[in-house]
Amino acid sequence: MKILTVRLPDDIVAQIEAESRARKLSKSDVVRDRLTRAAKTGSTRPPSLDAISDLIGAVDGLPIDLSAEKKAHLGAAGYARKHPR
């Protein structure tokens, strides 16, 4: 196995050290595990983007000025009615 030296921010080092203690592994093993898992997923997007990726997209058939005229369009669709309390 080859040796690789990297410089990491203090917060990441603290996370690795905490995980190392919790899992009773060396810091090298923790880093190797994290790199292996990241390589297997193959994702270059942040995890938060992966979490909402199914919600991102475009919808056909909406008015092109929906953001500017939302009250008019919502009113026409029946969403602007006030409900009794």
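The values are calculated or read from the model by the stated rules, or taken from the named source; none is laboratory data. Keep in mind that what you see is a predicted model, and the values were worked out from it rather than measured. Backbone-built Cβ (ideal geometry, glycine too); neighbour counts: all protein chains shown.
Computed values, structure above
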quantity: Residues within the stretch 1-35 that are within 18 Å of Pro47 (Cβ to Cβ) and basic (Lys, Arg), tallied; calculated: 1
quantity: Where a residue in the stretch 39-68 is within 21 Å of Tyr79 (Cβ to Cβ) and its partner, wherever it lies, is acidic (Asp, Glu) and modelled with pLDDT of 75 or more, with Cβ under 8 Å and at least six apart; calculated: Pro63/Glu69
quantity: Within the stretch 1-46, tally of residues that are aliphatic (A, V, I, L, M) and at pLDDT below 90; calculated: 3
